[in-house]
Structure formats: structure tokens, C-alpha cells
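Here the structure comes first, spelled out in C-alpha cells, and everything after it is commentary.
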Amino acid sequence: MKCPYCNNEMEKGYVQSGKEVYYTTKPTKFIFLTFPKPVNKDISLSEGIFAPVTIEAWNCTFCKRILIDY
């Protein structure tokens, strides 16, 4: 896959976490002390709070960007 930012070849890999992963427009300051409370625009990238996460991603080592489809 070609990087949409620099047009160099990207490397296929995975983003992994032992906790829930999600995109939010309102970050929580102390995320490690509380469970996230999703708001309307939050996008969950995992199956649930206690499910391990493995998300396919593409890494551009040239411009240091990682792309994730959801």
C-alpha cells in the first residue's frame, strides 16, 4: 500500500492493546484510573472493555504515520 501523505510503500502490521481502544474528540485526563465513558462521536476500535485488541494497520516509516481502518 502506498502512503497517502508521502507516496512511499507502507508496511502492514497491527496495533495491539490489553485494554479497550477508541477514538474520541474529548480526551480523559486520567484514563488509567477510570473506565472510558463513550460520548456520541466516540469510535470503538475494540470488542469491549476487557477484550484484548488487535487492529490491522499500515505503518509509513518515512513520514511516521499509522493508518487504521475501522
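None of the figures in this text is laboratory data; all of them are computed from the coordinates on show. This one's a predicted model, so the numbers in the text were calculated from it and none came from an experiment. Glycine gets a Cβ as well: all are built from the backbone with ideal geometry, and neighbour counts include every protein chain shown.
Cross-linked pairs 12/41; 2/26; 2/64: Cα-Cα separations exceed 25 Å for 12/41; 2/26.
Sorted on the mean count of surrounding Cβ atoms within 10 Å across their residues, most packed first, peptides 53-66, 6-19 read 53-66, 6-19.
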